[in-house]
Structures are given as structure tokens and as C-alpha cells.
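These notes are about the structure you will find just below.
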Amino acid sequence: MQTVNWEQLTSDQQAELLARPAMADSSGLTNTVAEIISNIRQQGDQALLDYTKRFDKLEGDNFTLNNTDIEAATARLDDDIKDAIKVAYQQVVKFHEAQQQDVIRVETMPGVVCEMHTQAIESVGLYIPGGSAPLPSTVIMTGAPAQIAGCSRLVLCSPPPLADEILYAASLCGVTEIYSVGGAQAIAALAYGTETIKAVDKIFGPGNSFVTEAKRQVSNDFAGAAIDMPAGPSEVLVIGDENADPAFIASDLLSQAEHGHDSQTILVTPSASVAAQTASEIDSQLAVLERREIAEKAIANSVSIVCKDIQQAIEISNRYAPEHLIVQTENPREIQPHLKNAGSIFLGAWTPESVGDYASGTNHVLPTYGYTKTYSSLGLADFVKRYTVQELTQQGLRNLAPAVTRLAAAEGLTAHKRAVTIRMEKLDK
Ligand SMILES: NC(=O)c1ccc[n+]([C@@H]2O[C@H](COP(=O)([O-])OP(=O)(O)OC[C@H]3O[C@@H](n4cnc5c(N)ncnc54)[C@H](O)[C@@H]3O)[C@@H](O)[C@H]2O)c1
Ligand SMILES: N[C@H](CO)Cc1c[nH]c[nH+]1
Ligand SMILES: [Zn+2]
């Protein structure tokens, strides 16, 4: 992991340092994904099968899983892992149930009542990554809120072979359809439909750059589907002060580095000594990692930034806008209100990022590529739509009529004005 001194860099070098590696080959990626989407739209199931055999080594011609598959998977699993999945599910349910929104009702003027209601999105696609590691935890993060919101069709897609843990988690979340297809082709199938997979209204879930680019393209097309957010390759930024534990920091950086070669991990610290000790901890912890090869590539793209002070560390973090932000400082709660752009924040030495990945209750589907400047972490609100209701009494209309008619006249929209005056004339008769 390279170490740099922030103050010694030019502003161009600083910008380059904080750029995402996954964005590097954007035009090649755009064309590849556009071609996959176009083939799925034209050839449906046949193209889906071809791609799934080519990229994901599907055996046979069936990519639909059913209840018998779920029952067999459940029977194969040990109680220990089933219990762990249940704990994670219950934690996520608790935190997301608390996000339910009551109807908001306000009488904005006597006789004028306005309400805000929510309604579940009817059909949702849940993309569960599976290229590099099968992620049953992502089933919980997308499936549990969909279930709580009351979505009626929960359609899960993940590259084959589907791990037993994925099928078990899907059954807890009330997933209604499961297909063993992945990548951009799965996103295209969810967005436009094929003979087997009916299109959904909105697609959720993270994925690699092919998946994320496919989500971007289908969401830009009127005929496509809505999406949750750009949730691409994992990122973590750690802010550590001179008392931070380098072994803890290294373990947190490696936990995200092992997701993929394009993960990005950054340490920002005012302490050159913490930076140096973290680098040597990374080397020793890497040596015994099962996914060493992957993590090593990600660490090669990563950086340790030595900055002036904690204030500057906060500025760098806000500028980078990480998916995950870990704060290992003496008083992390003092810093937290100044952290403007992050998907999920982990405060203090005893809050490793892994707890949010699995079971604290927060959602691990989070914006990447700097989109935490404008997008939120996944929550119950993403699975519902808001709509408003208003009802006026006769007196309510009398009270509001002068403002509405004058505004309508000012806009030159006389039919709007007439819809009010026609009623007032009747009332005044
Ligand atoms: N941001 C978040 O909230 C979040 C959460 C969990 C995981 N993640 C990220 O999700 C990603 C998961 O990636 P993954 O690769 O393991 O699984 P994935 O399921 O996203 O991608 C695998 C698919 O990519 C497609 N693919 C691979 N090579 C291709 C090629 N050359 N051309 C066309 N398609 C190709 C294949 O179809 C395959 O099914 C990781 O980067 C991880 O960091 C992000
Ligand atoms: N860290 C990932 C989000 O970027 C989520 C995850 C799933 N399993 C382990 N981690
Ligand atoms: Zn993770």
C-alpha cells in the first residue's frame, strides 16, 4: 500500500489519488453492457441462457429454482449457519421496521387537509452478487425491507450455482421467484422481461462494474426499470488518529479489499507512524488471507494518506465520499456531525465494518463511486412510493380561492382559474 503526504501533492495529484479505479475503462464497459442488454431484449431466454453458460458456466438449460430446491438447500445447511442467518435477518428487520412511516396529516388552512401516504412498489428485482463470493447477506439486506414494505413480487437473480445459504435467506424474506442468472444479462432480463422472467418495476442490489453499468443503462430508458442506486465495487475509508490501533485498521481495510480486485481502501491519518505500522500490519495479515490474491490487487490500488490534522482528514473524506467510513479516533462522536458524505459510518475501535455487512441491523447496500454525496444508503423508503392526498371543505375552498385564482391568472392559465371560480359561483348562489 503506497503512502503519500497530502500536503506535498499538487491539486491535480490529489484529485487523481481520490479517483475510483473501477471508472477507468468506462467507454469499453458501456459498449459491452449495451450489447448484452440489446441481445437480451431481442432474444430473451435464449440469450440469457447463452450468456449464463458463457460467463457463469450454467449446466443444463434450466435457470429457474423452486420450493423443492429451497427445501433441499435448507435440509443441507447446519443449524449454526441457519441460526446466524436468522440473527442477521431479525436485526435487519428490527432496524427497517422502525423506518415505517405513518400517514402524515396536516390541516394547512381551515378546511384544507393534506396527507402523505406510502404504497409498496409492486414488483422488485433483487440482484445478489455471486461472481467472486456468494452473498446471502445481500439477500437479507434487499429482501427483508421488500418484505416489510409489502412488495408483492420479490424476484431474486444471482449467478449460478446458488449457495444453499442464499436460498435459505430468500425463504426467510418471502422471495417469490428465484433465477440463477447474473451479470448485465440478469439486470436486462429483470428490466425488460424474457419469456420466463416477467419484468419488474425496480431493481435493487449491488454488483460489479458490469451489473452497475447495466443498472445505469436500464434506468435511463423509459422502457426499462427504476433502480436503487449505483452500488458498485466496495470502498472503505478509515480516519485514524495517533491512538488508533494499526492492526484494527489493517483488518478493516483488508475486509473490503477481499471483495474484489477493484475494491478501494484508503487510510487517512495525521500520524506518519500509524500509517507505517498499518502498512506492515497489512503485509502480515495479507500473508494468511484465503483471498490473498484478490486482496493484494485491491491493496495495490489503495493508499495511505498522511495529512495535517483530523480536520483535514475530515475534508479529504468528505471529498472522496466513501461507501463505508470508519472513524478510529479518541472521540468519534465529536467528529460524526462533520462527516457529510458517507454511506454508512462506523464509530470507534469496537465497530468493525463487518458488523454492518452482516448483522448490526443497518443496510449494507450503499452508494459507491462518490455517489454518497447525493444518494442514501438503502432503506425501507426505497421500496415504497410516496403520494399525497388533499381534501377541501366548502369553507376550505373559499379560504384558498383568492390565492389560487390570482396565481392561475398570473400564469395565464384561465382553465385552472375557472375550475375554482365555477365552484365559488355555485357556493355564492
Ligand atoms: N456497494 C455495495 O453496497 C456492495 C455490496 C455488496 C457487494 N458489493 C460489490 O459487488 C461486487 C460483486 O461482484 P462479483 O463479480 O463478485 O459478482 P457479480 O454478481 O456482481 O458479477 C458477476 C457477473 O459479472 C458478469 N461478468 C463477469 N465478467 C464479465 C465480462 N468479462 N463480460 C461481461 N460480463 C461479465 C458475469 O455475468 C457474472 O455473472 C463486488 O465488487 C463487491 O465489492 C457492493
Ligand atoms: N461490504 C459489502 C458492501 O460493500 C457487503 C458485504 C457482504 N458480505 C460481506 N460484505
Ligand atoms: Zn464486505
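The values are calculated or read from the model by the stated rules, or taken from the named source; none is laboratory data. Nothing here was measured: the structure is a model prediction, and the numbers come from that model. Backbone-built Cβ (ideal geometry, glycine too); neighbour counts: all protein chains shown.
Some observations on this one:
- Options S180, S171, S234: the member that is buried (at least 24 other Cβ atoms within 10 Å of the Cβ) and either closer than 24 Å to P367 by Cβ or at pLDDT 95 or above (or both): S234
- Residues being of a type in the set (D, E, K, R) and over 23 Å from A199 (Cβ atoms) - total across the range 1-52: 5
- Residues in the range 84-99 that are part of a helix (DSSP H, G or I) and touching a helix residue (DSSP H, G or I) at 6+ places or on another chain (Cβ under 6 Å): I85, A88, Y89, V92, V93, H96, E97.
- Evaluation of S377 against (1) away from ligand 2 (no atom under 16 Å from the Cβ); (2) assigned to a loop (DSSP other than H, G, I, E, B); (3) of a type in the set (S, T, Y) (one fails), failing number: (1)
- Conditions (1) away from ligand 1 (no atom under 13 Å from the Cβ); (2) touching a Phe, Trp or Tyr at 6+ places or on another chain (Cβ under 6 Å); (3) not in a strand (DSSP E or B): number failed by G396: (2)
- The set of residues in the range 142-185 that are within 20 Å of Q91 (Cβ to Cβ), within 12 Å of ligand 1 (Cβ to nearest atom) and among the polar types (S, T, N, Q) contains only T142.
- Residue in the range 27-45 that is of a type in the set (G, A, S), modelled with pLDDT under 95 and under 30 Å from I266 (Cα atoms) present: yes
- Restricting attention to the range 251-274, the residues that are in contact with a Lys or Arg (Cβ under 7 Å, 6 or more places away or on another chain), at pLDDT 95 or above and within 14 Å of ligand 2 (Cβ to nearest atom) add up to 1.
- Residue pairs meeting the criteria (Cβ under 8 Å; at least 6 apart or on separate chains; first without any contact (Cβ under 8 Å) to a residue 12 or more places away in the chain and farther than 13 Å from L162 by Cα, in the range 53-74; second assigned to a helix (DSSP H, G or I) and within 16 Å of ligand 3 (Cβ to nearest atom)): none
- Per-region count, the range 132-168, residues surrounded by 24 or more Cβ atoms within 10 Å (Cβ to Cβ), in contact with a Ser or Thr (Cβ under 8 Å, 6 or more places away or on another chain) and polar (S, T, N, Q): 1
- Residues of the range 361-391 satisfying the condition of being of a type in the set (G, A, S) and more than 15 Å from ligand 1 (Cβ to nearest atom): G361, A381
- Residue count for the range 135-144 under the criterion of being within 11 Å of ligand 2 (Cβ to nearest atom) and within 13 Å of I178 (Cβ to Cβ): the result is 2.
- Odd one out for K198, checked against (1) surrounded by fewer than 24 Cβ atoms within 10 Å (Cβ to Cβ); (2) part of a strand (DSSP E or B); (3) of a type outside the set (A, V, I, L, M): (2)
- Index of the failed condition, I81 passing every other in (1) part of a helix (DSSP H, G or I); (2) over 17 Å from L162 (Cβ atoms): (2)
- Selection count, the range 229-250, where residues are in a loop (DSSP other than H, G, I, E, B) and within 13 Å of ligand 2 (Cβ to nearest atom): 6
- Some residue of the range 234-255 being more than 20 Å from G348 (Cα to Cα), in contact with a helix residue (DSSP H, G or I) (Cβ under 7 Å, 6 or more places away or on another chain) and in contact (Cβ under 8 Å) with a residue 24 or more places away in the chain: yes
- Screening the range 386-398 for residues that are buried (at least 16 other Cβ atoms within 10 Å of the Cβ) and of a type outside the set (A, V, I, L, M, F, W, C) and picking the one that is nearest to ligand 2 (Cβ to nearest atom) gives G396.
- Total residues in the range 148-170 satisfying the condition of being closer than 22 Å to A98 by Cα and touching a helix residue (DSSP H, G or I) at 6+ places or on another chain (Cβ under 9 Å): the figure is 7.
- Taking the criterion of being touching a Pro at 6+ places or on another chain (Cβ under 8 Å) and of a type in the set (S, T, N, Q), the residues of the range 342-373 that qualify are N363, T368, T372.
- Residue, surrounded by the most Cβ atoms within 10 Å (Cβ to Cβ), within the range 362-383, restricted to residues that are aliphatic (A, V, I, L, M) and within 14 Å of ligand 3 (Cβ to nearest atom): L366
- Residue in the range 277-295 that is more than 16 Å from ligand 1 (Cβ to nearest atom), under 23 Å from G379 (Cα atoms), free of Cβ contacts under 8 Å to residues at least 24 places away in the same chain and not β-branched (V, I, T) present: no
- If only residues of the range 251-268 that are part of a helix (DSSP H, G or I) and polar (S, T, N, Q) are counted, the one that is nearest to ligand 1 (Cβ to nearest atom) is Q256.
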